[in-house]
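Some notes on the structure that comes next.
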Amino acid sequence: QVQLVESGGGLVQAGGSLRLTCAASGTTAGIHRMGWYRQAPGAQRELVATVSSPGGFTNYADFAQGRFDIFRDIDENTVDLQMNSLTPGDTAVYYCQAVTWRDYWGKGTLVTVSS
């Protein structure tokens, strides 16, 4: 089992930045990919960014390219999402995902971007 806890969400003005952190615990040795997804009110959950290991291969949604960066610290079992140039359209609950032979999800952290 893997447990995921997100932190770092909050209220920010448009144009600002936030850094989200996801801490993994439990049986983390089998994690081969971690990532961030988001779900806005009334919308489906969508990919933001993922990072795989070994290799550190990253994958970003089009809206995240050039504004968001994903970082994984394997030793600390964390994955961060640095979000810059935020817009009200980025308002959503952001969820951390870890993939072993199955998917694990955190409970999410709310990001609200005011105009």
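The values are calculated or read from the model by the stated rules, or taken from the named source; none is laboratory data. This one's a predicted model, so the numbers in the text were calculated from it and none came from an experiment. In this analysis, Cβ positions are derived from the backbone assuming ideal geometry, glycine residues included, and neighbour counts consider all displayed protein chains. The area values use the complete protein model at the heavy-atom level, side chains included, leaving out ligands, DNA and RNA. Shrake-Rupley method; radii C 1.70, N 1.55, O 1.52, S 1.80 Å.
Scanning segment 97-113 for residues that are open to solvent by 40 Å² or more (accessible area, probe 1.4 Å) and in contact with a Ser or Thr (Cβ under 7 Å, 6 or more places away or on another chain) turns up just one, T112. Considering only residues in segment 97-114 that are of a type in the set (V, I, T) and part of a strand (DSSP E or B), the one that is nearest to T21 (Cα to Cα) turns out to be T109. Taken over segment 53-96, the residue count meeting the criterion of being over 13 Å from the mean Cα position of the chain (by Cα) and either in a loop (DSSP other than H, G, I, E, B) or surrounded by 15 or more Cβ atoms within 10 Å (Cβ to Cβ) (or both) is 19. For T87, are the conditions met, namely being closer than 15 Å to T112 by Cα and among the β-branched types (V, I, T)? So T87 fits the description; yes. Can you pull out every residue in segment 43-52 that is within 11 Å of the chain's Cα centre (by Cα) and within 18 Å of H32 (Cβ to Cβ)? The answer is L47, A49, T50, V51. Residue check: T50 meets all listed conditions (1) modelled with pLDDT under 95; (2) over 21 Å from S114 (Cα atoms) but one, namely (1). What about L47, is it open to solvent by 40 Å² or more (accessible area, probe 1.4 Å), within 19 Å of G9 (Cβ to Cβ), part of a strand (DSSP E or B) and not basic (K, R)? Spelling it out, L47 is indeed open to solvent by 40 Å² or more (accessible area, probe 1.4 Å), within 19 Å of G9 (Cβ to Cβ), part of a strand (DSSP E or B) and not basic (K, R). A Cβ distance below 6 Å, combined with a sequence gap of six or more or placement on separate chains, defines the contacts here; from segment 25-43, residues that are free of Cβ contacts under 8 Å to residues at least 40 places away in the same chain reach residues that are surrounded by fewer than 17 Cβ atoms within 10 Å (Cβ to Cβ) in the pairs G26/Q1; G26/Q3. In the set (1) within 16 Å of the chain's Cα centre (by Cα); (2) touching a residue at least 60 places away in the same chain (Cβ under 8 Å), D103 fails one condition alone, (2).
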